[in-house]
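The values are calculated or read from the model by the stated rules, or taken from the named source; none is laboratory data. The model shown is predicted, which means the values in this text are computed figures rather than measured ones. Neighbour counts are summed over all protein chains in view; Cβ atoms, including those assigned to glycine, are modelled from backbone coordinates with ideal geometry.
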């Protein structure tokens, strides 16, 4: 094998763990992670609420500083807008366990420290997926 092919293969194999953003494992706060752009969104179900953390690219440093979220739940033809409030380093969104247990979609628009992310969607009820997203 020539050196060029060797370097390409080695680079590819070594870069996969670095750039993989898995949705097949829980995040650092035991929540469900999606990647809207240069940061991560972790949704952590809590009793009668969802806690939403905006984490950096290394899945650390949750912040609400210069950050915002818009959250809604779609169930069939119904849509529920959640009123979230910022806490020390996450957003708390009150919602009934009954709503989260129904089939639907959790839709989150966010920006973290002024960086706007793409809209992310989580299937309801919340669950891990077997797919892994790569950049």
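Quick look at the numbers
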read-out: Residue in region 36-55 that is farthest from residue 100 (Cα to Cα), counting only those that are in contact (Cβ under 8 Å) with a residue 60 or more places away in the chain and surrounded by fewer than 19 Cβ atoms within 10 Å (Cβ to Cβ); value: 38
read-out: Close pairs from region 64-79: first free of Cβ contacts under 8 Å to residues at least 24 places away in the same chain, partner surrounded by 13 or more Cβ atoms within 10 Å (Cβ to Cβ), Cβ under 6 Å, at least 6 apart; value: 79/72
read-out: Residues of region 82-98 that turn out to be under 13 Å from residue 50 (Cβ atoms) and within 19 Å of the chain's Cα centre (by Cα), as a count; value: 11
read-out: Matching residues in region 77-88 - criterion: being surrounded by fewer than 17 Cβ atoms within 10 Å (Cβ to Cβ) and either in contact with a strand residue (DSSP E or B) (Cβ under 7 Å, 6 or more places away or on another chain) or farther than 16 Å from residue 44 by Cβ (or both); value: 77, 78, 79, 80, 81, 83, 85
read-out: Checklist (1) surrounded by 12 or more Cβ atoms within 10 Å (Cβ to Cβ); (2) within 15 Å of residue 41 (Cα to Cα) applied to residue 65, failing item; value: (1)
read-out: Selection count, region 103-124, where residues are exposed (fewer than 14 other Cβ atoms within 10 Å of the Cβ) and not in a strand (DSSP E or B); value: 4
read-out: The one condition in (1) farther than 19 Å from residue 119 by Cα; (2) within 16 Å of the chain's Cα centre (by Cα) that residue 65 fails to fulfil; value: (2)
read-out: One residue from 70, 58 being within 12 Å of residue 28 (Cα to Cα), modelled with pLDDT of 95 or more and loosely packed, with under 15 Cβ neighbours inside 10 Å; value: 58
read-out: Members of region 1-55 found to be in contact with a strand residue (DSSP E or B) (Cβ under 7 Å, 6 or more places away or on another chain), part of a strand (DSSP E or B) and either modelled with pLDDT under 95 or more than 26 Å from residue 81 (Cβ to Cβ) (or both), listed by number; value: 20, 21, 22
